[in-house]
Amino acid sequence: MRHSGHHQLHIRRTDDADSPHGGHGVARRSEGMGGTRGGGRIFGHGGLRFVLLQLLKDKPGHGYELIKLIEDRLGGSYSPSPGIVYPTLTLLEELGYLSVEVPDAGGRKRYRITDTGEAFLQENRETADAMMARMQGGVDGAGPRGGRPPQVMRAVENLKLAMRMRLSREVLTPEQANAFAAVLDHAAQQLEKI
């Protein structure tokens, strides 16, 4: 039996130092606007962009802050992955709906909605309001996938991001490599105690 639906595949190039792929212009993909890890199920096709625009209309922020805010608003039942959020932010920037403030000392971009973005949000107020309403008190189908709590999955993604960013800079000295390994070994030992 043939599957009648289809997913668009977007290959995106980004130079976002705050992205999970570091700031090296890495091409990455996301399926549709909702991404692959449940984003489409939670917000529907393209719904995440309205949520991000509304959150940024309320207050400018970094990608990580937006991920955490969505997780908090959903009571911890869902946390969008950086692989969904950052490509959507980049697309919104390319469409002129967001502007990016000069990265801070840590290289993280701060996003702010533009007048064009506010006009787009207003033109789609009904959809935006529906997406925001879905975040009040959780969403059906937003429970942990495979028993993995979203806050743990977010923390895992943050660790992977931190490792990628550090390893993408200058080569580690032997002392730095030992310290890096010691941090990871310590974390593993602590997790075994839980």
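The values are calculated or read from the model by the stated rules, or taken from the named source; none is laboratory data. Everything quoted here is computed from the prediction, not taken from an experiment. Reconstructed Cβ throughout: ideal geometry from the backbone, glycine too, with neighbour counts over all protein chains shown.
See the values below:
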quantity	calculated
Residue check for residue 83: modelled with pLDDT under 90, in contact with a strand residue (DSSP E or B) (Cβ under 9 Å, 6 or more places away or on another chain) and small (Gly, Ala, Ser)	yes
Some residue of the range 171-181 being modelled with pLDDT of 85 or more, more than 20 Å from residue 70 (Cβ to Cβ), under 21 Å from the mean Cα position of the chain (by Cα) and not small (Gly, Ala, Ser)	no
Within the range 102-152, tally of residues that are modelled with pLDDT of 80 or more and over 18 Å from the mean Cα position of the chain (by Cα)	18
Per-region count, the range 164-181, residues of a type in the set (A, V, I, L, M), part of a helix (DSSP H, G or I) and either more than 30 Å from residue 84 (Cα to Cα) or free of Cβ contacts under 8 Å to residues at least 12 places away in the same chain (or both)	4
Pairs with Cβ under 6 Å, 6+ apart, first in the range 58-75 and at pLDDT 90 or above, second crowded, with 19+ Cβ neighbours inside 10 Å and of a type in the set (Phe, Trp, Tyr)	63/86
Failed condition for residue 84, given (1) closer than 15 Å to residue 152 by Cβ; (2) of a type outside the set (D, E, K, R); (3) in a helix (DSSP H, G or I)	(1)
Answer from 98, 52, 92 - the residue that is touching a strand residue (DSSP E or B) at 6+ places or on another chain (Cβ under 7 Å), within 18 Å of residue 127 (Cα to Cα) and touching a residue at least 40 places away in the same chain (Cβ under 8 Å)	92
